[in-house]
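Worksheet: one structure, shown below.
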Number of protein chains: 2
Amino acid sequence: MLFTACAESNQSDSETFAERVEYAIALHGGAGVISRDIDPEIKQQYVDSLAEALELGRSMLADGADALDVVEQVVRLLEDNPLYNAGRGAVMTNAETFELDASIMDGRNLAAGAVAGVTTVKNPITLARHVMENSRHVLFAGEGAERFADGAGVERVEQSWFYTERRHQQLIRARERDEVTLDHDDSAQSMNPYQAIDDNKYGTVGVAVLDRNGNLAAGTSTGGMTNKRFGRVGDSPIVGAGTYANNKSCAISSTGTGEEFIRHAVAFQICAIMEYTGASLNEAARIVIHDKLQPGDGGIIGVSHTGEIAMIFNSRGMFRGAADSNGRFEVAIWDENEAEASR
Amino acid sequence: MLFTACAESNQSDSETFAERVEYAIALHGGAGVISRDIDPEIKQQYVDSLAEALELGRSMLADGADALDVVEQVVRLLEDNPLYNAGRGAVMTNAETFELDASIMDGRNLAAGAVAGVTTVKNPITLARHVMENSRHVLFAGEGAERFADGAGVERVEQSWFYTERRHQQLIRARERDEVTLDHDDSAQSMNPYQAIDDNKYGTVGVAVLDRNGNLAAGTSTGGMTNKRFGRVGDSPIVGAGTYANNKSCAISSTGTGEEFIRHAVAFQICAIMEYTGASLNEAARIVIHDKLQPGDGGIIGVSHTGEIAMIFNSRGMFRGAADSNGRFEVAIWDENEAEASR
């Protein structure tokens, strides 16, 4: 229909121009088995914080900010919020420590930076950007990432900065489940109102952005898996799995069972399907999330070079939000809140 | 032509069956600016060792060995050979240490395992296989990979095992170049007959295999970049960049400037082009190596699900070999040795 209109008159061009998306942003705060019975107050905390992050990004984009700056600033806000499994509030390893991962990518030139297993950096997304902009490398892991941070001038914190009682309780429950059974004990009673979210939720926060100049960028940050083994690297710091951005196709951030997202190169694969088959972003994302992954693995948020937004997941919920220059502004957790966009 | 024959008679089916590839293997020992003026004796060492590794794989495949076993055993042979930048003979970091990376992938089920920055494991490819088979995870980095090795029962060595005087000299020259200029000093005279290979060669060894049961597997192992910074992770342990295998398309191992191979998800992208466009392995590999990467970045070896072999590079040379059930058996270093297969 757009094509027909263009072929008929130039006036149609200006009409469609008004509808064209000038900027767009999508973000997530993790996917998983998020119970619908969560405490209404806690639900509101998530809704409010997703809306706050979305509004920060939307307003920066409206003011003409660069896609990379928006990704970094919005991810930082989510990292600093203890509700999310990234930065402060990250989950604990089985050694009761915190190992944080992050990655960022610039769709203009495919420049990318990532860090895995950092332990003292307040905002891993900012360190990832330093790797991208100030080194020849893409990924630093562990002690090497810490040493890179020494020279990068990023804010450092003690491990206690990341600690929340909620995550400690989550680790204790995860250990108990590991010892007894790998199945989730749905009947367990708990005094912890976050338990309905935590026990089967994959953490991670991520942002994908199209700015007014047509540039795409994406970033992802996580504390990884509760009770993970020391040195395990998931998909979040893996460019192509957790994060990808290419101005020719789309910008993607993933959340879910990291190993599956690595095996399927999820973020890259969505961009590749768009590039090589001409599929829309939502079509490409559905192929990967619903046909390649298994139910429950997780999901993605993404923005295409035309401003199309996708928020696709195969888990029971995904904390997410989307906004664009045409006035769209919405946050959601479960499926029916946003049937059109999420499947 | 094959299609026409099949449509005409069943007899043609059995005729073409005789030509069908029952198994195939391709391997590499690194790509880069390999001078044509290398000492004939050293050239012969490379040719002989490539042929030895190729024959090990070919004979295992002829005997019906599993693709994964062939990949592991052939990579181990190359890791143990000090000629190659993997295992013994690995290049040195700028801290004069050795940090080894490896990955392996099973095309049957996309199972994958990888390790980054290991320091005491004699054969990192075997540790990668342990990660794949004996953990829920895909990638372990640094100290975490060492601890995983503690429980895996793999052979451990002192760092001195990896040391060769050749690699120490290479580090010293790399430091001198870094201090003076980033350009390669082509006029430098040296007493080291390997210098014409080392100064602009990306190490890494890799193997891709199709076995008699139609299963694909690939593996990659490296010491990384000479003079690399502590904790830098290249493409070799990144599933999707350095290694990929999917029985529906192909098995790939990469070698080159790791950062570029990550940004372009090279190994996965070749498989994705085959899957989504119907391109042949060589067509898909040429698109990625020649159209997406920059000249000099490196190359790949791969085997498709039909037994097609690709050895494509955009550097001045790539140590490589290929063999299959139809009697093909060849090793090569530069371009003209194998014009058809390498471009």
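The values are calculated or read from the model by the stated rules, or taken from the named source; none is laboratory data. As the structure is a computational prediction, the values presented were derived from the model and not from experiment. With ideal geometry, Cβ positions are generated from the backbone for all residues, glycine too; neighbour counts draw on all protein chains shown. SASA here: full protein model, heavy atoms, side chains in, ligands and nucleic acids out. Shrake-Rupley method; radii C 1.70, N 1.55, O 1.52, S 1.80 Å.
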Point to revise | Among B:VAL91, B:VAL239, B:VAL33, residue whose mean-square fluctuation peaks in a GNM of chain B (springs only between Cα atoms under 10 Å) | key: B:VAL33
Revision key, fill the gap. Carbon/sulfur accessible area of the protein assembly as shown, % of total, 1.4 Å probe, equals 48
Exercise for review: Can you list the distances in nanometres, one decimal and ascending, from the A:PRO295 label point to the identical position in each other copy, with the point 7 Å along Cα to Cβ?
Suggested key: 5.4
Review point. How would you order A:64-72, B:68-76, A:286-294 from highest to lowest mean count of nearby Cβ atoms within 10 Å?
Key: B:68-76, A:64-72, A:286-294
Practice item. Mind checking A:255-263 for the average number of partner chain beta-carbons within 10 Å of each residue's beta-carbon? Key: 4
**Study point:** chain A: Cα Rg divided by the 2.2 N^0.38 Å rule of thumb
**Key:** 0.95
Point to revise | Residue among B:ASP101, B:ASP63, B:ASP235 with the largest mean-square fluctuation in a Gaussian network model of chain B, springs linking Cα atoms under 10 Å | key: B:ASP63
Point to revise | At 7 Å out from Cα toward Cβ: A:THR97 inter-copy label distances (nm, ascending) | key: 1.3
Point to revise | Histogram of C-alpha separations across the protein assembly as shown, 20 Å bin width, % | key: 20, 51, 26, 3
Check your understanding: What are the distances, in nm and sorted shortest first, from the label point of A:ALA51 to the label points of the same position in each other copy, with each label point placed 7 Å from Cα along the Cα-to-Cβ direction?
Key -> 7.5
Review point. Which value, in Å² rounded to 10, gives the accessible area of A:MET318 with a 1.4 Å probe and all protein chains present?
Key: 0
Point to revise | Peptides B:155-167, B:20-32, B:139-151 ordered by average Cβ neighbours within 10 Å, highest first | key: B:20-32, B:139-151, B:155-167
Check your understanding: Between chains B and A, what is the buried accessible area summed over both chains (1.4 Å probe, protein heavy atoms, nearest 100 Å²)?
Key -> 3600
Exercise for review: Hey, can you find the accessible area per residue of chain B for me, probe 1.4 Å, expressed in square angstrom?
Suggested key: 37
Check your understanding: What residue among B:LYS43, B:LYS248, B:LYS228 shows peak mean-square fluctuation when chain B is described by a Gaussian network model with Cα springs under 10 Å?
Key -> B:LYS43
**Study point:** Averaged over B:132-139, number of beta-carbon atoms from partner chains that fall within 10 Å
**Key:** 6
Check your understanding: Across peptide A:236-244, what mean number of C-beta atoms from other chains lies inside 10 Å of a residue's C-beta?
Key -> 5
